[in-house]
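Encoded as structure tokens, the structure appears first; notes follow it.
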Amino acid sequence: MTHDGGEGSSRRQSRRGFLAAVGAAATSALAGCGGVFGGGGDDDPVTVAVDPSRDLGTPEWPVSRGDARNTNAFPRGAGVGSSLALDWATTLGGNAAAVPPVVRAGRVATSNGWHDAYGLRPDGTVAWTTEHPDGVTTVSPAFVGGVVALVADGDLVGFDPSDGTAVWSASLPGPDTFAWLTGADDTVVAATDLGVAALDAADGTRRWYHRTGMGTQGPPALADGVVYAASEDTYVYAFDAETGGVRWRAKTDARVGPLAVAEGRVYAAAEDGVLHAFDAADGRERWTAALAGPASTLAVTGGQVFVGVSAAARRDHLRAVDADDGSLGWHADAFSGWALAAGVDVLYASVEAREDGGLTTLGALDPATGRVRSRLSTAGPRVYNGPAVVEGALYGAGLGEGGVLAARVTSGD
């Protein structure tokens with residue numbers, strides 16, 4: 001079933017767009033500059049209330065934003081604490097992009113952002129690899145049903161997670177060659193260059209496709225039988241997950257993305273620096289919050305929305321926003337990039353390696369204050385993207401002497 005939307009002119013998600021989304025390895029590893037350090041600016045509350053009873057974390061990390069709701073959240077106690085140490089790093093080769101890995105049932109799936117997809121074991125050894133001459137053009141793979149899905153050689157492919165064998169292959173709608181992927185149970189959802197599609201995870205059969213005429217700037221979300229997508233046409237869409245029918249759409253004043261669904265609300269950040277909260281059932285706007293710039297990422301847990309903000313005037317920072325009313329909490333200027341995972345007891349994010357700037361690495365932050373508790377050393381392999389937080393470990397991506405790498409970070413205590 002196809003639902004046609006406005007034609008518009010699409011800002012195509014080409015290879016360049018893909019690299020921008022995950023960060024070109026060579027440049028992002030050198031990101032960071034001097035400036036105000038820490039959390040809580042002069043005009044900001046220093047502390048926010050993080051409610052442990054509103055823990056939205058799930059035990060695995062099967063899709064790029066943690067779960068199909070895009071919360072980027074992990075359960076209390078699932079992290080590694082505040083001290084970070086590199087456990088292993090596996091070189092994937094190339095220097096295109098550090099792709100955030102996904103993790104399910106002890107299996108790790110990722111790519112080197114260029115021609116190769118990988119399945120890794122928990123100890124970092126390579127279980128399988130597949131080569132794709134025309135490239136891997138999805139920001140992260142997605143474990144959905146019995147497959148790990150990714151876009152390779154222009155098609156959406158479902159691979160056997162155990163050995164990398166292709167189970168099925170499906171063409172993307174129209175001219176599309178890129179997709180943001182998510183999914184749950186038996187449904188793969190792909191946000192493509194020009195719309196959103198849903199496919200059967202068992203055999204790749206397309207269930208429906210809605211053409212918006214423009215692309216998306218992040219993966220769609222799937223919750224309670226509804227697919228939510230933020231589009232470059234300035235609308236947030238809610239589609240029936242079975243039929244693709246439009247349940248509602250909500251207008252903003254700019255291109256929209258990223259997006260998350262939690263506790264009956266859809267949180268969507270627009271490029272004009274406005275964070276919107278919509279009612280998930282009918283699309284009514286509940287509140288807006290004015291940020292200092294467009295958002296690169298967001299996470300939701302503990303009654304807070306944590307937003308990575310790209311702001312020319314104030315520089316990049318991480319901002320806490322009350323999930324119920326949109327009031328602004330602390331900001332952490334040490335944030336640099338797009339990596340973010342949130343727990344009610346600790347946040348993990350890409351931060352500057354020193355208080356005065358420097359390389360980008362992963363850091364542990366206090367969710368109540370935004371203060372950096374510790375940083376992963378940048379001596380040797382540098383890990384700065386992801387992280388997938390599963391059972392006392394962080395699975396991330398970065399850059400080493402051999403090029404792009406995948407890594408596991410554990411407690412340094």
Look through the stretch 311-330, keep the residues that are under 20 Å from the mean Cα position of the chain (by Cα) and touching a residue at least 40 places away in the same chain (Cβ under 8 Å), and return whichever of them is farthest from VAL46 (Cα to Cα).
ALA323
Report, by residue number, each residue of the stretch 256-276 that is in a strand (DSSP E or B), open to solvent by less than 10 Å² (accessible area, probe 1.4 Å) and farther than 14 Å from ALA221 by Cβ.
ALA270, LEU275
Which condition number in (1) modelled with pLDDT of 90 or more; (2) among the charged types (D, E, K, R); (3) closer than 30 Å to ALA250 by Cβ is the one that ASP155 fails?
(3)
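So which residues in the stretch 320-338 are closer than 17 Å to SER310 by Cβ and not in a strand (DSSP E or B)? Step through it out loud before you land on a result.
Looking only at the stretch 320-338, we keep the residues that are closer than 17 Å to SER310 by Cβ, and these are 320-321, 328, 331-338.
Listed by number, the residues that qualify are ASP333, ALA334.
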Check on THR252, touching a strand residue (DSSP E or B) at 6+ places or on another chain (Cβ under 7 Å), open to solvent by less than 10 Å² (accessible area, probe 1.4 Å), β-branched (Val, Ile, Thr) and closer than 13 Å to ALA323 by Cβ:
no
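Hey, among the residues in the stretch 55-83 that are touching a Lys or Arg at 6+ places or on another chain (Cβ under 6 Å) and over 19 Å from PRO101 (Cβ atoms), which one's modelled with the lowest pLDDT? Steps first, answer last, please.
Step one: of the stretch 55-83, the residues touching a Lys or Arg at 6+ places or on another chain (Cβ under 6 Å) are 55, 60, 62, 72, 82.
Now restrict to residues that are over 19 Å from PRO101 (Cβ atoms): 55, 82.
Working: ASP55: 98, SER82: 80.
Looking at residues that are touching a Lys or Arg at 6+ places or on another chain (Cβ under 6 Å) and over 19 Å from PRO101 (Cβ atoms), I get SER82.
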Quick check on this structure: which one of GLY402, GLY412 is modelled with pLDDT under 95, surrounded by fewer than 23 Cβ atoms within 10 Å (Cβ to Cβ), in contact with a Leu (Cβ under 7 Å, 6 or more places away or on another chain) and more than 19 Å from ARG319 (Cα to Cα)?
GLY412
Cβ pairs under 8 Å, 6+ apart or interchain, first in the stretch 332-345 and among the charged types (D, E, K, R), second open to solvent by less than 10 Å² (accessible area, probe 1.4 Å), ordered by first then second residue, are ASP333/GLY38; ASP333/GLY39; ASP333/HIS317; ASP345/PRO367
Looking only at the stretch 277-310, how many residues end up being under 21 Å from PRO219 (Cβ atoms), without any contact (Cβ under 8 Å) to a residue 60 or more places away in the chain and touching a Leu at 6+ places or on another chain (Cβ under 9 Å)?
7
Can you tell me which residue within the stretch 172-190, out of those that are part of a strand (DSSP E or B) and either of a type in the set (Asp, Glu) or crowded, with 24+ Cβ neighbours inside 10 Å (or both), is farthest from the chain's Cα centre (by Cα)?
VAL188
Where the second residue is acidic (Asp, Glu) and the first is open to solvent by less than 10 Å² (accessible area, probe 1.4 Å) and lies in the stretch 108-122, which pairs have Cβ atoms under 8 Å and are six or more apart or on separate chains?
GLY119/ASP163
Within the stretch 210-229, residues in a strand (DSSP E or B) and modelled with pLDDT under 95 come out as HIS210, ARG211, THR216
Determine which member of the set VAL236, VAL274, VAL246 is free of Cβ contacts under 8 Å to residues at least 24 places away in the same chain, aliphatic (A, V, I, L, M) and farther than 22 Å from ASP55 by Cα.
VAL274
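Quick check, is ASP233 more than 21 Å from the chain's Cα centre (by Cα) and over 18 Å from ASN72 (Cβ atoms)?
no
Take the conditions open to solvent by less than 20 Å² (accessible area, probe 1.4 Å), of a type outside the set (S, T, N, Q), touching a residue at least 40 places away in the same chain (Cβ under 8 Å) and within 22 Å of ALA117 (Cβ to Cβ) and apply them to ASP193. Does it pass?
On the way: open to solvent by less than 20 Å² (accessible area, probe 1.4 Å): yes; of a type outside the set (S, T, N, Q): yes; touching a residue at least 40 places away in the same chain (Cβ under 8 Å): yes; within 22 Å of ALA117 (Cβ to Cβ): yes.
In short, yes.
The values are calculated or read from the model by the stated rules, or taken from the named source; none is laboratory data. Keep in mind the model is a prediction, meaning the values are calculated, not measured. Methodologically, a virtual Cβ is constructed for each residue, glycine included, from the backbone with ideal geometry; neighbour enumeration extends over all protein chains shown. Surface accessibility is based on the protein's heavy atoms, side chains included, excluding ligands, DNA and RNA. Shrake-Rupley method; radii C 1.70, N 1.55, O 1.52, S 1.80 Å.
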